[in-house]
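First up is the structure itself, then whatever we jot down about it.
Nothing in this text is a laboratory measurement; each read-out follows from the coordinates by a stated rule. These numbers were taken from a predicted model, which means no experiment stands behind them. Here the Cβ positions follow ideal geometry from the backbone for every residue, glycine too, while neighbour counts run over all protein chains shown.
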Amino acid sequence: MDWSRAKTIFIVTFLCLNVFLGFQLIEKRNESNINVQAQVTLQERLEENNIRLAIEEPEQTKMGYHITGKPRDFDEEELQNNINNQDVSVRLDNHILFSSLEEPYPLRPANLSASVDAFLSDNMMFGDEYVFGEYVEEDGEILVYQTYNDQPLNYLESEYAHARLLVNEDMEIESYSQRYLEVTAHTDREQELITPIKAIELLINENQIGTDVVIDDVEIGYYNIHQADIDAPEFFAPMWRIDVNGKDRFVNALDWSIP
């Protein structure tokens, strides 16, 4: 065996390995420096624009996934067997249930959310899967949202809802309309979501956060990406809702987009 040649090959190989490891170390250091510089830059911009963050865990990490909802058909015979003291009909290709109560259902304005949830649970099909959303006083209606794993499936446009309760001047429910989605969660494609601070940075970059702002209300939720026809599937994505001076801003926590 030519030991001199083998020794030379070993030395060259060892040097190449050292060079490779050296480059990797330099890249990691550069990435670390870039991250630090980015954080410093964001902090400087917050200070320059007098934007104060008053939220817990601004760098918290969560997991999320897309959710698909397929409209379910209502069957009138099924409704007659499961709903009492209501005049019920179905319309729009059986996708929407309409009901008029035989007797108005009184709500408790002092605890509106809880009293609405009680009505849903006791009087609507799949009522335990719905939750109070918003009372629109000028329209005399209460918007209700379907849930998945106790998480409301919201809409970016406030006029959309999964159920609408019509109330009279005495805050009594007289009738309602309802849709129901058969939900599929794509948990096999679960991903790590962007952090609240990164979502805020994206809004700053897009000039959607002005100056002299205190951000103290940030919440993750599932929102409809695109509202299509009533008989079409719906798609929900996890989004950060960020209150900026009383106006909600949204950032898609999966693809970093701003709807």
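Measuring between their Cα centroids, segment 68-131 and segment 211-255 lie 27 Å from each other. Evaluating 6.51 cos²θ - 1.76 cosθ + 1.60 at θ = phi - 60° for every residue in segment 189-197, the Karplus couplings come out as 10, 5, 9, 6, 8, 5, 7, x, 5 Hz, glycine and proline recorded as x. Each Cα pair under 8 Å and six or more residues apart adds its sequence gap; the mean of these over the residue count of segment 71-182 is a relative contact order of 27 percent. Within straight-line reach of Lys247, meaning a Cα separation under 12 Å, sit the following aspartates and glutamates at least 8 residues removed in sequence or on another chain: Asp217. Close amide H pairs (under 5 Å, H built 1.01 Å from N) link Arg249 with Ile242, Asp243, Val244, residues at least 5 positions away or on another chain. Backbone geometry of segment 141-146 corresponds, through the Karplus equation with coefficients 6.51, -1.76 and 1.60 at θ = phi - 60°, to 3J(HN,Hα) couplings of 9, 10, 8, 10, 10, 6 Hz, x marking Gly and Pro. Think of segment 71-182 as having a plus end and a minus end, set by charges on the Cβ of Lys, Arg, Asp and Glu; of Pro106, Ala161, Asn85, Ala161 sits farthest toward the positive end of this dipole.
What is the calculated FRET efficiency for Asp75 to Arg52, with r their C-beta to C-beta distance and R₀ = 51 Å, to the nearest 0.05?
0.40
Scanning residues 5 or more positions from Ser175 or on other chains, those with amide H under 5 Å from its amide H are Leu101, Leu166, with H placed 1.01 Å from N in the peptide plane. For Asn207 and Asp150, FRET efficiency with R0 = 22 Å and r from the beta-carbon atoms, rounded to 0.05? E between Asp150 and Asn207, to the nearest 0.05, is 0.05. In order along segment 198-211, phi translates into HN-Hα couplings of 5, 5, 5, 4, 4, 5, 4, 4, 9, 6, 9, 10, x, 9 Hz, rounded to whole numbers, per the Karplus curve 6.51 cos²θ - 1.76 cosθ + 1.60 with θ = phi - 60° and x for Gly and Pro. Database remark: amide H of Val214 closer than 5 angstrom to the amide H of Arg52, Asn245 (H placed geometrically; neighbours at sequence offset of 5 or more, or on other chains; Pro and chain starts carry no H).
How about segment 190-259: which GluC sites (Glu not before Pro) there lie in a loop by DSSP and see at most 15 other Cβ atoms within 10 Å? Numbers along the way, then the final one.
Details: sites: Glu190, Glu192, Glu201, Glu206, Glu219, Glu234; in loops: Glu190, Glu206.
Answer by residue number: Glu190, Glu206.
What FRET efficiency do you get for Ala110 and Val136 if R0 is 22 Å and r is their Cβ-Cβ distance, rounded to the nearest 0.05? Calculated value: 0.75.
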